[in-house]
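Step one of this worksheet: look at the structure below.
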Amino acid sequence: MTNQHPITPPPELVLQWSLESQDEHQPTVAYSMVGLLAAKAARWGADHELEACCEWLFKHRFSDIAVVSLRDARRPKPPSLKEQAIKLVETYECPGGVKLTPEQCDTIRRALEALDD
């Protein structure tokens, strides 16, 4: 039996990723498949390492807030549609070259900020 590194994905997961990559990419593009597998493996390993760190902190009686803060800092959520829209409005220019006045942007921004996330 081989001594496997603890952050090595199990063979079943590698096989699943391989099958997924064949669905997502043309089978003739081997490099794309390898890139997809490498990215998935890196994410899988990083997620397992983060969870191990959070577990260690919890076992050593760090506060729940510290553990949650670490996880949130290392795995930030992508900006919501509302946040993306506000950022676009802040540029005073919409896709297609339509320019907005500062007053129009303020109105749109206030409307967006009033919406729930």
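The values are calculated or read from the model by the stated rules, or taken from the named source; none is laboratory data. The structure presented is a predicted model; accordingly, all values stated were derived computationally and were not measured. Don't worry about glycine lacking a Cβ; one is built from the backbone with ideal geometry, like all the others, and counts go over all protein chains shown.
Checking the conditions here, which among CYS94, CYS54 is surrounded by 10 or more Cβ atoms within 10 Å (Cβ to Cβ) and modelled with pLDDT of 90 or more? Before the answer, list the steps.
On the way: CYS94 fails: modelled with pLDDT of 90 or more.
Just one listed residue meets the conditions, CYS54.
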- prompt: Taking the stretch 67-82, which residues are part of a helix (DSSP H, G or I), of a type outside the set (Val, Ile, Thr) and surrounded by 12 or more Cβ atoms within 10 Å (Cβ to Cβ)?
  reply: SER69, LEU70, ARG71, ARG74, LYS82
task: Would you point out the residue of the stretch 1-38, among those that are of a type in the set (Ser, Thr, Tyr) and either within 21 Å of LEU50 (Cβ to Cβ) or not in a helix (DSSP H, G or I) (or both), that is modelled with the highest pLDDT?
output: THR8
- prompt: Given the structure, is ALA46 closer than 30 Å to LEU13 by Cα, among the aliphatic types (A, V, I, L, M) and loosely packed, with under 12 Cβ neighbours inside 10 Å?
  reply: no
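Quick check on my filter: what residues within the stretch 40-85 are among the aromatic types (Phe, Trp, Tyr) and within 30 Å of LEU19 (Cβ to Cβ)? First the steps, then the outcome.
First pass over the stretch 40-85, keeping only residues among the aromatic types (Phe, Trp, Tyr): 44, 56, 58, 62.
Matches in the stretch 40-85: TRP44 only.
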message: Can you tell me how many residues within the stretch 69-91 are among the hydroxyl-bearing types (Ser, Thr, Tyr) and modelled with pLDDT of 85 or more?
response: 1
